[in-house]
Structures are given as C-alpha cells and as structure tokens.
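The values are calculated or read from the model by the stated rules, or taken from the named source; none is laboratory data. Just so you know, these numbers come straight off a predicted model, no measurement behind them. Glycine also receives a Cβ, built like all others from the backbone with ideal geometry; neighbour counts cover every protein chain displayed.
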C-alpha cells in the first residue's frame, strides 16, 4: 500500500490543493495559467487511466478513446441541444463510463496481456474512425468547432467567464475537478475497493479463491476509470472549444499520456500527476521545436523503462533504502 | 453481383490479405517464440520502405539488388532491436508490459526521426512489373498480382524453414520452452534474435511489395501494425499458420465489406470483427493442437 500511495497521501493532496489555491494570487500571465490548466486536465486523464493500467494491473492501451467519447459527447450535446456544459460534462463522463463497461466485457474472459492491449487499442481506433467518418455530425477531421464554453457564473457581483481566453475561470474549473477527482479516488482506493484492486493486480487467482468477484470488480474499475477520463475529456472540450478525432483519439494522445504515466510511475497514485506536470511543461517549453515533441516522448519512455521503471514517484524510496534494486539489472540470455 | 465483380473482390481481398499475412505472421512468429509483443514492428516496415526507396530510386540500383540489400539491412535491424531494447528487459518482474512500453517508445521515436530526416512529403516507387493481367473479364496490374504470389512464396519458404529444417526445429523447441531448450544446448537467446530477424524480413518484404502502390511515409508501418495485431489474435496468438490464414481472411472481409459500405469504414469492420471474435473465441479462430 505504501508503494502505491507514498506516505500521508491526504497531506500530499492537501498541499497540492493549497498550491493551486495560491496560483490565482500570483502575478502569472495568461499563458502560464493556460499551461497549468492543460496540466490539470491531463493529470486527471492520466490518473484515471492509471487506475486500470497500474492499480488494477490490466494493461489497457485505449483510454484515449474514453477521453474522446467524453469530449465529443459533451460537446455535441451542448452544441446541438443547447444544454449547459455544466450538465453535459456529466453526460460525457457517463457515456465514457458505459463505453468502458461495454469494452470491459470481452476483456473479462481473457487474462493474457496482449489480448487486453490489442482489444483496447482496436477499440480506440474504432472510436477515432467513427468520429472521423460521421462528418455530418462531427465535421470529421475538419474539426468540430462552435463548442460552447461553460456558462459564466456570478459570485458576489463579479462574473467569472470560462473557455479559452478566460484563463482564470478555466484554471479554476480544472483545479476543482483535479482536487475533487483525486480526493474521491483516494477515498475509494484507501477503502476495501483499493485493496481489492491491488489483490487482483498482484495475485488474481489467489484473490478469486478468497471470494473476490473478479468480473464485477474489473467492470467497476473500468467504469470508474473511463468515467474519470471521460470527464477530463469533456472539460478539455469546453476549454479548447475545438475537437478533431485525431487530436483527441489519435496516436499522439496515446503516446503523450503513456509517457506521462510511465515517467511519473505506473501504479503509483501520484505518479501520473508528476509525469503530467513534467511533460506538459517541457512540451510547452519546446513549443518552437514542435517536430521534436514525439521524438522526446519516445526517448523518455525508453529511458524511463530502462533506467527507472517505477518512474519519478518511485525514485525517492529507492534512494533512501539501499540501492539493491539497481543491482538486480537482469543478466542477458545467452 | 456479377462474376467479374466477385473475382475482383476476391483478388483484391487476397492481395490486401497477403500484406496483412506478411505483417501478422512476423508478429506471430516473434510472439510465439519469445512471448514478446513488438509494437515497433510497424517501423520494421516503414524503415525498409525508405531503404528500398533510397536504393532503388535515389541511387538507381536494380530492383532485385535493392530488394535483397534492403531485406538484409532490415533483418540486421530487427535482430539489433531485439538485442538492445528487448533482451535486457526480459528478466524483469513486469517485463511483458515493460517490453510493450519500450517498443511503443521506440516506435514513436523512429517515426518522428523518419519524419525529421525525410520530411513529410510522401514518396512513391515506380512499378517494377509492368503490364496488366487479364483473367477472364478481370483486369489487374501485374504489380498487384505479384504481391500475392511473392508473399505466398516468402511465407511458404518461412513455413518450410520452420517445419522441415533443423533451424525450424530449434525455433519451435525454444518456443515450447526456452529454458528446456537451453538445457539441451540450444542458445535460446540467439534463437530469439534470429526470430526477430526473420520477422523483420517478413515485414520488409511487405514494405517492398507495397512501396510502388502506396506512398512511403513515416506512418506507413503504423497503419498496418494494428491490422497485424488483429491478424495475430484472430489466428490464435503465436501461431504462424493461423496468422497467415487470418491475414487472408481479414483482407477478404475488408474487400467484401467495402462492396457494401464506403471504404472509410473498412477498418471499423475489421476491428469490430476482431472484438467479436475475442468475445466469442478468445483462443482465436484457427486454434487447434497446442501452440
């Protein structure tokens, strides 16, 4: 358990929340707020994915599909039916969750890692192609624009506006979602459910023999994970206000998020968050070298898998303990 | 549907299918022998595409010589990838996922590197077989027919090596139990490298056959990778023959699917078929005796 959450996870989250609370009082320009907003959205995405990938131990590779489903569902409903985005983001989350449970069914029967990886990847490709081919509704790769931002709210006479260009409001929405989702997941994972997920990850057969209903728990994890990712996608849609199938469900999204999780630490609760921060900031710093972004992500994934498979979150404890892990570099086969 | 159309659909399906079979059987061979899912397999198709382009077009070498040189290079590259990025991970606890992650990283790294080196403009290779075959009412360029014939020849050759030679027996022994093979003196590490080289050769063959028909681009492998994976699962994970059969089946499904819906949906049909099969028969369509 210590491995997954680190020490005093609630305290860590509290510190993060306080830091986020302080951000609006700092003299930051809109551009930095924009980067922080993107970081918060992707951190929620990465944490949601890590739920199945790292904590349940099912190596799913198609969570960008749930991001896209959440984003498109919320954007389409709010655009075509004039429903407030404050409501449609939940429709996005629920749609993603249903999709997660549906794709969970064929996976339940299989324990082999390749099957799970390929089925989820194929599912993501289906989702991308469907959004891209339904041109009458989504405008395909031309991009779906005209997504309404969150409706302005008034607090004590000041109106807070949202969407790209209104950096404070957008940052506030992302920050509230970030803290709330992480708090909820922390409560969930510190309860019986979290123990069950870890039991399934570490010893599936043993967990089953002790009466853990694998199918129900896996579907539950899939549903929650997809809902979290879908919610982050919906908030993303109402922030950037334009979606294309390849930008939300394409391979670049898969690689970016996978890099965040691996760099941060697979299976560590706070790992993906560190990874999201590091990679969002570096990719913005390297904005002028846009072509090199994927090169960097690819290289980072390889370097971390080889040198630090537990990611940034896994670096600290191994420094304190004896570095016995470094010594277990595997011998090569003859 | 007239007879001509039917023949045309079947031929097109078999031609597309032969590429899927070449890509998929290579992935299956690697998975069957080493239990490694190589996500950089698509780049073993993209890089020989560029290699062949440079040798045959830029340097103007004869087609056959360029093809042989490309195949040798890509086989060395395949072996090198196994040695450098995959073998060192195999003794770790969570190696299955770490190999997947590392090869995904390698794949995107090579794609972006290719994009930086050769740019985004897509390049084609001229046909190396001219003329049109006329089968009854059906007219089909020899270039396309050649894909099917050469693919069958190459995969047949691979099958012969696997099931009729000493090397094949060694590979199959390693596939069954690498440790036991090691115990009777088979250097299973070296066998793994060799299998990667063969698999790279199959992908390279696919790339060379395709290069006159599709444009060579940094992403040409990525689009076939997922189809290759689908083929491997449909054929029963790790079965060489199953993957070949499933490759042709998938090609036929897409070809007939396109006859009824527009072509942009053909991949959707394939992947839905894949998920349906996994739901109903997770062991694959052609699973039978053992591995």
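Report yes if some residue within segment A:21-39 is within 30 Å of residue A:101 (Cβ to Cβ) and within 11 Å of the chain's Cα centre (by Cα); otherwise report no. Yes, the conditions are met somewhere in segment A:21-39.
Condition check for residue B:25 on (1) in a loop (DSSP other than H, G, I, E, B); (2) closer than 15 Å to residue B:201 by Cα: one failure, at (1). Among the residues of this structure, residue A:92 counts as one that is assigned to a helix (DSSP H, G or I), more than 26 Å from residue A:207 (Cβ to Cβ), more than 10 Å from chain B (Cβ to nearest Cβ) and within 21 Å of the chain's Cα centre (by Cα). Would you confirm whether or not segment B:63-83 contains a residue that is within 14 Å of chain A (Cβ to nearest Cβ), crowded, with 21+ Cβ neighbours inside 10 Å, touching a helix residue (DSSP H, G or I) at 6+ places or on another chain (Cβ under 6 Å) and in a helix (DSSP H, G or I)? Yes, that holds for at least one residue. Restricting the search to helices (runs of 4 or more DSSP H) fully inside segment A:253-326 and requiring at least 1 residues that are modelled with pLDDT of 90 or more and surrounded by fewer than 20 Cβ atoms within 10 Å (Cβ to Cβ) gives A:271-285, A:293-307.
Looking at (1) out of contact with any helix residue (DSSP H, G or I) (no Cβ under 7 Å at 6 or more places or on another chain); (2) within 30 Å of residue A:123 (Cβ to Cβ), which one does residue A:64 not meet, given that it meets all the others? The failed condition is (1). The set of residues in segment A:104-131 being modelled with pLDDT of 90 or more and more than 8 Å from every other protein chain (Cβ to nearest Cβ) consists of A:120, A:124, A:127, A:128, A:131.
Might you check whether a residue that is facing chain B (nearest Cβ under 10 Å), outside any helix (DSSP H, G or I), touching a residue at least 40 places away in the same chain (Cβ under 8 Å) and more than 28 Å from residue A:141 (Cβ to Cβ) occurs anywhere in segment A:61-76?
Residues of segment A:61-76 facing chain B (nearest Cβ under 10 Å): A:61.
When the remaining residues are screened for being outside any helix (DSSP H, G or I), the result is A:61.
Next, from what is left, pick out any that are touching a residue at least 40 places away in the same chain (Cβ under 8 Å): A:61.
Still in the running and more than 28 Å from residue A:141 (Cβ to Cβ): none.
No, the conditions are met nowhere in segment A:61-76.
Evaluate segment B:209-219: report whether one residue or more is away from chain A (no Cβ under 14 Å), touching a strand residue (DSSP E or B) at 6+ places or on another chain (Cβ under 7 Å) and without any contact (Cβ under 8 Å) to a residue 60 or more places away in the chain. Checking segment B:209-219: not a single residue is away from chain A (no Cβ under 14 Å), touching a strand residue (DSSP E or B) at 6+ places or on another chain (Cβ under 7 Å) and without any contact (Cβ under 8 Å) to a residue 60 or more places away in the chain.
Taking segment B:118-144 as the region of interest, how many residues are in contact (Cβ under 8 Å) with a residue 60 or more places away in the chain and either under 23 Å from the mean Cα position of the chain (by Cα) or more than 20 Å from residue B:18 (Cβ to Cβ) (or both)?
13
Beta carbons closer than 6 Å, at least 6 apart along the sequence or on distinct chains, pair a first residue in segment A:254-271 that is within 12 Å of another protein chain (Cβ to nearest Cβ) with a second that is not in a helix (DSSP H, G or I) for A:263/A:311.
Which is at pLDDT 90 or above, closer than 30 Å to residue A:162 by Cα, touching a strand residue (DSSP E or B) at 6+ places or on another chain (Cβ under 7 Å) and in a helix (DSSP H, G or I), of A:237, A:226?
Details: A:226 fails: touching a strand residue (DSSP E or B) at 6+ places or on another chain (Cβ under 7 Å).
Every option except A:237 fails the conditions.
Okay, residues lined up against (1) surrounded by fewer than 20 Cβ atoms within 10 Å (Cβ to Cβ); (2) on the phi < 0 side of the Ramachandran plot; (3) touching a strand residue (DSSP E or B) at 6+ places or on another chain (Cβ under 8 Å):
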{"residue": "A:49", "(1), (2), (3)": "no, yes, no"}
{"residue": "A:56", "(1), (2), (3)": "no, yes, no"}
{"residue": "A:72", "(1), (2), (3)": "no, yes, yes"}
{"residue": "A:78", "(1), (2), (3)": "no, yes, no"}
{"residue": "A:83", "(1), (2), (3)": "yes, yes, no"}
{"residue": "A:89", "(1), (2), (3)": "no, yes, no"}
{"residue": "A:98", "(1), (2), (3)": "yes, yes, no"}
{"residue": "A:104", "(1), (2), (3)": "no, yes, no"}
{"residue": "A:116", "(1), (2), (3)": "no, yes, no"}
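Exactly one residue out of B:108, B:186, B:147 is surrounded by 15 or more Cβ atoms within 10 Å (Cβ to Cβ) and in contact (Cβ under 8 Å) with a residue 60 or more places away in the chain, and it is B:147.
Take residue B:233 and tell me if it is part of a helix (DSSP H, G or I), out of contact with any strand residue (DSSP E or B) (no Cβ under 8 Å at 6 or more places or on another chain), within 14 Å of chain A (Cβ to nearest Cβ) and surrounded by fewer than 23 Cβ atoms within 10 Å (Cβ to Cβ). If you could, list the steps in order and put the result at the bottom.
Numbers: part of a helix (DSSP H, G or I): yes; out of contact with any strand residue (DSSP E or B) (no Cβ under 8 Å at 6 or more places or on another chain): yes; within 14 Å of chain A (Cβ to nearest Cβ): yes; surrounded by fewer than 23 Cβ atoms within 10 Å (Cβ to Cβ): no.
No.
Residues being assigned to a helix (DSSP H, G or I) and either out of contact with any helix residue (DSSP H, G or I) (no Cβ under 6 Å at 6 or more places or on another chain) or farther than 30 Å from residue B:38 by Cα (or both): count how many of those fall in segment A:98-115.
5
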